[in-house]
Ligand code: 5GP
Ligand code: MN
């Protein structure tokens, strides 16, 4: 199906649906939450009955400033006749069951997206999923209300590293400009994203930084998070979400990683690279996914040291 046909079909399907659930990925980040809530406000605005659903709990409370956050549900209403997934590369990462008879529109920007929707609107060139959702709204002629613009803007800021990552170009700034014109507040949104952290997160940070190890002549750096560290600092798992950036921030480092022990004992790995290594490829090899410079996976069948050894082998190959 051609691009325009997919947009046209998504528009028709959304406009003819009676009960829509917009769903983001497990452990939702600001892009998943902001894109889902931006869609929610937009679809409400055109008179649709619509829910936002995130199957993870707890939700990241530092993002509770996003308009509509308190309305997010944990489960899909079984009466839904349409699911719209956002920012999610594979169906299993939604953490939901399929709803009998309901269609699925997959709105995403991950290159590794498996194409699991009845209609897939996947734009790997876009820096955040919110731009994909916004372009669909624009194509369809649905007005984006101010609260929707705030959500889309927060999603964009977060996924572009505050306009600092690869893929930030004039089109991204055009998109940002449109959102500001629709009422998003640049200073307030940036402040809420950066300076709205719980104390537990700052208490956790020195524990995590104390685990820093360098590998491969300083070209890779790793951090560890254990359940014990989380308990001792009173932090929830999502409070580690951006700590992998500290590993990558070192001058000599090309690849940073963080391995977090989950409550079920599995290990959640976050990978980040600067400008050469394709960490998306590494994550895919371990059954996960993501982007070239930011990717992740969950490991259930290896203990930490074995996992690190395998991971470092793959990182070394990427650095050749
Ligand atoms: P993070 O390290 O922040 O969890 O994720 C970085 C990027 O990789 C995000 O785009 C995220 O969606 C993707 N990602 C992380 N974990 C997984 C995973 O287990 N499976 C897939 N398909 N993508 C993941
Ligand atoms: Mn994203």
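Based on the inverse mean of 1/r over its pairs of different Cα atoms, what is the Kirkwood hydrodynamic radius of segment 55-108, in Å?
12.6 Å
To the nearest 500 deg cm²/dmol, what mean residue ellipticity at 222 nm is calculated for the chain from DSSP H runs of n ≥ 4 alone, each contributing -39,500 (n - 2.57), summed and divided by the residues?
Dividing the helical sum by the residues of the chain leaves -11500 deg cm²/dmol.
Within segment 199-319, what percent of beta bridges assigned by DSSP are antiparallel, to the nearest 5?
75 percent
What's the long-distance tail for segment 70-148, i.e. % of Cα pairs beyond 22 Å?
Roughly 28 percent, once rounded to a whole number.
Would you mind computing Rg(Cα) / (2.2 N^0.38 Å) for segment 161-320, counting N as its residues?
In units of the 2.2 N^0.38 Å rule of thumb, it is 1.12.
What percent antiparallel are the DSSP beta bridges of the chain, to the nearest 5?
Counting DSSP beta bridges with both partners in the chain, the antiparallel share is about 40 percent.
Taking every eigenvalue of the Cα gyration tensor of segment 3-194, multiplying by 5 and rooting it, what semi-axes result, largest first, whole Å?
23, 18, 16
Send over the per residue convex hull volume for segment 5-56, Cα only, as a whole number of Å³.
Enclosed volume per residue, from the Cα hull, is 74 Å³.
By what distance, in whole Å, do the Cα atoms of segment 168-217 stretch along each of the three principal axes, largest value first?
Computed over segment 168-217, the largest-to-smallest principal extents equal 44, 33, 9 Å.
Please compute the Kirkwood hydrodynamic radius of the chain from all pairs of different C-alpha atoms, in Å with one decimal.
Hydrodynamic radius (Kirkwood, Cα pairs) of the chain is 20.0 Å.
With the alpha-carbon atoms as the only input, what is the per residue convex hull volume for segment 185-267 in Å³?
Roughly 107 Å³ of hull volume per residue.
If the elastic network links every pair of Cα atoms under 10 Å, which of 293, 272, 18 fluctuates the most in the Gaussian network model of the chain?
18
By how many nm would the segment from residue 177 to residue 263 lengthen if fully extended, with 0.36 nm per residue of separation less the alpha-carbon distance?
26.8 nm
With no solvent and one point per C-alpha, what does the Debye sum give as log10 I(q)/I(0) for segment 134-215 at q = 0.11, 0.21, 0.23, 0.25 Å⁻¹?
-0.42, -0.98, -1.09, -1.20
In degrees between 0 and 90, to the nearest 10, how far off the longest principal axis of the chain does helix 304-318 point, with axes built from Cα atoms?
On a 0 to 90 degree scale, this one is about 80.
Determine the equivalent ellipsoid of segment 233-320 by diagonalising the alpha-carbon gyration tensor, then write out the semi-axes as square roots of 5 times the eigenvalues, largest first, rounded to whole Å.
20, 16, 11
Rule-based calculations on the coordinates, nothing more; no lab input. This structure is a prediction, so every number in the text was calculated from the model and none was measured.
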